[in-house]
Amino acid sequence: SMSQGDVGGTPLTCSEPARGWNPNGVHELSGTPQFEGWYYRATDPSSGESWVIITAYWLDSAGVGRSFIELIQGSTGHTYKRVFEGVDVKAYQASPGEFALRIGEVYFSAESIYGGFVDEGGAEINFAPVLDACAYSGAPKDERSRRSMGWANEVFGPQLKWHVHHLKGEVSGQISVIPV
């Protein structure tokens, strides 16, 4: 569970997601292979243990859609991962402006992750965390800004458009790992 906090002494506010942002549009930016991914991190305040969940999809150089799910235990660095081949990227991009997708048997959104997968080593991973509906985000002096890189997004070169949906939000639920 992560608790709400301050950034630079300025309290974070509960803000609405940015309008007009398309979390599924990255493949339309150029003719080269691109990817879109999401990163979740939860820390237990009593133990300090952190877990990171990463998921992404992309088109490889042959135009084949692929995706992966990865769970990383912070204290040990142990990684559980599964790659999925033949993913329908167009289906992921069919609802511009929405972030709600299923990769394998895991459902991802801004509010929850649920389901499970068997990693490449045979461990069984199950998710059931729920994120609070309040999106504590934005720059300390501009609660509407959801760009985590700030002005660096405007620098000439790679067009990185990273957006923070939750920052210092509450997470409850479970992540279970059943080893082989």
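The values are calculated or read from the model by the stated rules, or taken from the named source; none is laboratory data. Just so we're clear, the structure is a prediction, and the values are computed from it rather than from any experiment. Cβ coordinates were reconstructed from backbone atoms using ideal geometry, including for glycine residues, and neighbour counts include every protein chain displayed. Remember, those area values only see protein heavy atoms, side chains included, never the ligands or the DNA or RNA. Shrake-Rupley method; radii C 1.70, N 1.55, O 1.52, S 1.80 Å.
Full-extension gain between ALA91 and THR76, please, as 0.36 nm times their residue separation minus the C-alpha to C-alpha distance.
Values: separation 15, 0.36 × 15 = 5.40 nm, distance 3.57 nm.
Computed gain between ALA91 and THR76 is 1.8 nm.
Would you pull out the residues with amide H under 5 Å of VAL106's amide H, same chain only if 5 or more places away, H placed 1.01 Å from N?
GLY116
Taking a probe of 1.4 Å, how large is the accessible area per residue of the stretch 47-102, in Å²?
Ligands and nucleic acids excluded, the figure is 51 Å² per residue.
Calculate one ³J(HN,Hα) per residue across the stretch 115-122 by plugging θ = phi - 60° into the Karplus curve 6.51 cos²θ - 1.76 cosθ + 1.60, and present them in order as whole Hz with x for glycine and proline.
For the stretch 115-122, the Karplus-derived couplings read x, x, 8, 9, 6, 4, x, x Hz, x marking Gly and Pro.
How far apart, in nm, are the 7 Å Cα→Cβ label points at GLU49 and VAL180?
2.2
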